[in-house]
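The values are calculated or read from the model by the stated rules, or taken from the named source; none is laboratory data. All of these numbers come straight from a predicted model, not from anything done at the bench. Methodologically, a virtual Cβ is constructed for each residue, glycine included, from the backbone with ideal geometry; neighbour enumeration extends over all protein chains shown. Keep in mind that these areas ignore ligands, DNA and RNA; they rest on the heavy atoms of the full protein, side chains included. Shrake-Rupley method; radii C 1.70, N 1.55, O 1.52, S 1.80 Å.
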Amino acid sequence: MYERFTDRARKVMQLANEQVRRFNHEYIDTEHVLLGLVKEGGGVAADVLKNLAVDLRQIRLEVEKRIQSEPDIVTKGILPLSRRTKAVIEHAKLESQGLGNDYVGTEHLLLGLLSDSDGVGGQVLRSFGLEIEDVRKVVVKVVLGPRQQRSKTSLVEKPVPRIFEKPQIEASPLAPLESTPFRATGDFIAVDIGNSRMKIGRFTRGIETGPAAAEQPRSVVRASLPEPTMTIDLLIDNESGDFDVRHLRAWCDDNVGDQTLWVVATVHRAAAQRLAAAIADWARQSQLECPIRHLTHRDLPLAIRVDEPARVGIDRLLAALAANRLRGTGRAAIVVDLGSAITVDLLTAEGAFAGGAILPGIAMSARALAEQTDALPDVGLDRLENPPVALGKSTTAAIEAGLYWGAVGAIRELITKLSAGMKEPPEIFLTGGAAPQVAELLNADRPVRYVPHLVLAGIALVAEAGC
């Protein structure tokens, strides 16, 4: 998680860890990160705050006034991050990309804290009159200096997503999704709408991966997949389907032209309808035409050997379609997708989707454990990153160990079960947020290949072939 962090940003997280112990808390929340920023005191974030005439000591006092120490708790080692802190860090990475940086510094962490509307860290910063757009401009001024500021103005003014911000337009009533014949002849947009995230990629016909999925050197790439030239990842409110329309509109300004086809695959109907409304609104204001096509299982050149094909998640089928292009001739394959739910699916040696298994994702399991018990906390674990030790010495550590290694063990066992009786072991493809880390764990047992945009590539294959 911290691989792109500067030394000062890493120091901030170390200091945040110390603040958790100071207050006898069990995990690192946004207020601890803000205290870490203040205590570090020498990075770009500190310079930005000073430029805005905000006193670091006053920030510290305000945080300390809002939080309380808990009864003595024995905490050792690196403490877990809350779900909110993880979202702040993800936003900091987006800020880094948006500003054209190849690192995550203290200034990006500061912007990440301001993106969170409900956490103590963001609330304290806003109590001093700070808003993310104003702070971002000062970040550019401090980092780039006056001479380069003008060249970066467009980057500064483009909005980046706040956490679970509601769209600025209302979605139309949930009408049936229409499907019409189509074929992508130029640039097109592929959209994978899951239960908690929306992944969007721009594709140009003819651009494919070179040694795609070659993050695992033991693999041999037999074929290539369409490769997105630009992507965007939006958080979705699972209940309402809301997402940050402003970020989508800014992305469209740079990546979508007249008659650009949108090809959408969704397992979240409300989010799909809100997306269609947002695209229509943006296109109308931009005086453009943007046709939209929603995929169903009937659009896919894939044999589906299950009882009810129409009820299979379209994302599972598209991942299988893309894996079909990568697998060796006559080889079966297993496709693992690490999303809100974890799916482990089988492709036969003939290339048919034969079904598979679905289990709750790690965040879903964590919430269920907290909601269905009286005293167990929600540890905020939402991705299979940074393997914890198996022997938990506290309640939080024990829950994390059970959730993490339970999920990895389930994936490993399902692969074994689905492979049983095969003369030749199946090829294994992993995709999803934490797939690189899980691939490393599973590679000890068998060769595993990580493919970052497997579902988007499946959508692109359908769009290029047409139907």
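Computed over Cα pairs, the Kirkwood radius of the range 271-355 leads via Stokes-Einstein (1.306 mPa s, 10 °C) to a diffusion coefficient of 107 µm² per second. Note on Glu440 and Asp7: their simple-model spin labels are 2.3 nm apart, each label 7 Å out from Cα toward Cβ. Gyration tensor over the Cα atoms of the range 342-418: the corresponding equivalent ellipsoid has semi-axes (square roots of 5 times the eigenvalues, largest first) of 29, 13, 9 Å. The alpha-carbon positions of the range 222-316 define a convex hull whose volume is 135 Å³ per residue.
Note that the range 1-67 carries a Kirkwood radius of 12.2 Å, evaluated over its alpha carbons pair by pair. Taking a label point 7 Å from the Cα of Arg66 along the Cα→Cβ vector, which residues of the range 95-130 have an amide N closer than 19 Å to it? In the range 95-130, the label zone of Arg66 (backbone N under 19 Å from the point 7 Å along Cα→Cβ) covers 107-130. Considering all alpha-carbon pairs of the range 316-380, what whole percent are spaced by more than 18 angstrom? Distances greater than 18 Å cover 48 percent of the Cα pairs. Both radii come from the Cα set of the range 373-467: Rg as radius of gyration, Rh as Kirkwood radius; their ratio Rg/Rh reads 1.09. For the range 228-271, the ratio of Cα radius of gyration to the globular rule of thumb 2.2 N^0.38 Å stands at 1.27. With Cα atoms defining each centre, the range 408-467 and the range 306-326 are spaced 13 Å apart in the structure. Packing-based ranking of 109-122, 265-278 yields 109-122, 265-278, ordered from highest to lowest mean Cβ neighbour count within 10 Å. Report the trypsin sites (Lys or Arg not before Pro) located in the range 346-451 that are in a DSSP loop and have at most 16 other Cβ atoms inside 10 Å of their Cβ, or state none. Answer by residue number: Lys393, Lys423. The packing ranking of peptides 349-357, 398-406, highest mean first, is 398-406, 349-357, where packing means the average number of other beta carbon atoms within 10 angstrom of each residue.
Between Ala303 and Arg325, the modelled label-to-label distance comes to 2.1 nm, taking each label 7 Å out from Cα in the direction of the beta carbon. Per residue, the accessible area of the range 273-326 comes to 48 Å², computed with a 1.4 Å probe over protein heavy atoms only.
Computed from the C-beta positions of Arg284 and Ala370, the FRET efficiency with R₀ = 45 Å rounds to 0.55.
Per residue, the accessible area of the range 344-467 comes to 43 Å², computed with a 1.4 Å probe over protein heavy atoms only. For Ala349 and Arg22, the difference between the fully extended length at 0.36 nm per residue and the C-alpha to C-alpha distance is 112.0 nm. Rounded to the nearest Hz, the phi-derived 3J(HN,Hα) couplings of the range 373-379 under the Karplus curve 6.51 cos²θ - 1.76 cosθ + 1.60 (θ = phi - 60°) are 10, 7, 10, 6, x, 7, 7, where x marks glycine and proline.
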